[in-house]
Amino acid sequence: MKDGWILAFDTATRATAVALAGPDGARFEARDDPPAGERPRHAAKLLPLCADVLDRGGVSFAELERIAVGIGPGTFTGLRIGVATARALACASQVGLVGVSTLQSMALAALPELTRSGHEAVLAVLDARRGEVFIGVWLRDELGRLGRPLVGPVALGPQDLRDEVARLGVSALAVGEGAIAFREVLERSGAFVPEDGSLIHRVSAASHCRIARDLEPSDPGRVQPEYLRLPDAELARRAAGKQ
């Protein structure tokens, strides 16, 4: 069955994004965006936000057809909280679980703007800290859908990002918090970055639901975060071991 209720959430960024999508097109969303300078609140906000959308939709966990969780790439702690919560909920409610690429979901959400603007590709860009970004690039196909991926997911520094975007050779729309942080680099490479306040830069769990309908659920333990890099603590430990 691929037409039931789907609960989706993402904790790859500072935001906690949740959505519930129904078979009749019904959709309920909730999110928490910490103010600038404050730490992410995934652990405190994720379950209450899930309860909120389920309550608004009049849906219980037993009525869910599947759960979808963003697997990143993103922050180590955020992804760990999101995936661990998804596994626990899936096991407790005996609901199928799928992992969704956060970058692909961002690209899908940007597709209407990509079509409207006439750009050929969308760059989903997340701030990876340490002076890098996580990036994924998708083409718009001849039917106006999200086509095959061209790049990523991969972590890149400013120079590599500049070279990668220039190498694409297509007009590109860049979205995401990383696109804002690296606006100058992207624009110098020929990409278009919408204004900072545009909602197109936010991760939307509603797009996770759309992708999840075409994925086959797996054993919860097989859904793994896509870190791409070692966590800061592990890098510090290895650096200390070399001294």
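Under 9 Å by Cβ, and 6 or more places apart or on different chains, what pairs join a residue from the range 167-196 that is in the same structural domain as residue 157 (by TED's automatic domain parsing) with one that is among the polar types (S, T, N, Q) and surrounded by 24 or more Cβ atoms within 10 Å (Cβ to Cβ)? Filtered contacts from the range 167-196: 176/13; 177/13. Among residues of the range 80-91 that are farther than 16 Å from residue 8 by Cβ, those with a Cβ under 7 angstrom from a residue that is part of a helix (DSSP H, G or I), sequence gap 6+ or separate chain, pair up as 91/220. Scanning the range 229-243 for residues that are under 15 Å from residue 77 (Cβ atoms) and assigned to a loop (DSSP other than H, G, I, E, B), we see that the one that is modelled with the highest pLDDT is 229.
Looking only at the range 1-35, residues that are among the hydroxyl-bearing types (Ser, Thr, Tyr) and touching a residue at least 40 places away in the same chain (Cβ under 8 Å) come to 2 in all.
Residue-wise test of (1) in a loop (DSSP other than H, G, I, E, B); (2) among the aliphatic types (A, V, I, L, M); (3) over 22 Å from residue 78 (Cα atoms).
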{"site": "147", "(1), (2), (3)": "no, no, yes"}
{"site": "150", "(1), (2), (3)": "no, yes, yes"}
{"site": "155", "(1), (2), (3)": "no, yes, no"}
{"site": "162", "(1), (2), (3)": "no, no, yes"}
{"site": "180", "(1), (2), (3)": "no, yes, no"}
{"site": "184", "(1), (2), (3)": "no, no, yes"}
{"site": "194", "(1), (2), (3)": "yes, no, yes"}
{"site": "216", "(1), (2), (3)": "yes, no, yes"}
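Report yes if some residue within the range 36-45 is free of Cβ contacts under 8 Å to residues at least 60 places away in the same chain and of a type in the set (Asp, Glu); otherwise report no.
yes
I'm checking my understanding of the structure. Among residues of the range 200-229 that are touching a residue at least 60 places away in the same chain (Cβ under 8 Å) and among the basic types (Lys, Arg), which one is nearest to residue 108 (Cα to Cα)? That would be 210. Among the residues of the range 123-146, those identified as more than 20 Å from residue 158 (Cβ to Cβ) and either aliphatic (A, V, I, L, M) or surrounded by fewer than 24 Cβ atoms within 10 Å (Cβ to Cβ) (or both) are 139, 140, 141, 142, 143, 144, 145, 146. Restricting to the range 205-230, and then to whatever is more than 21 Å from residue 87 (Cβ to Cβ) and touching a strand residue (DSSP E or B) at 6+ places or on another chain (Cβ under 6 Å), can you tell me which residue is surrounded by the most Cβ atoms within 10 Å (Cβ to Cβ)? Checked the range 205-230; the qualifying residue surrounded by the most Cβ atoms within 10 Å (Cβ to Cβ) is 206. Here residue 107 meets each of (1) crowded, with 21+ Cβ neighbours inside 10 Å; (2) over 22 Å from residue 6 (Cβ atoms) with one exception, condition (2). Exactly one residue out of 21, 30, 8, 17 is touching a Cys at 6+ places or on another chain (Cβ under 6 Å), under 30 Å from residue 129 (Cβ atoms), modelled with pLDDT of 95 or more and crowded, with 19+ Cβ neighbours inside 10 Å, and it is 8. Inside the range 165-178, can you point out the residues that are over 21 Å from the mean Cα position of the chain (by Cα) and not small (Gly, Ala, Ser)? Selection gives 167, 168, 170. Residues of the range 11-42 that are part of a loop (DSSP other than H, G, I, E, B) and either among the aliphatic types (A, V, I, L, M) or under 21 Å from residue 58 (Cβ atoms) (or both): 12, 15, 22, 23, 24, 25, 26, 36.
The values are calculated or read from the model by the stated rules, or taken from the named source; none is laboratory data. Bear in mind that the values here come from a model prediction, so they are computed numbers and not experimental data. Quick reminder, even Gly has a Cβ in these numbers, built from the backbone with ideal geometry, and neighbours come from all protein chains shown.
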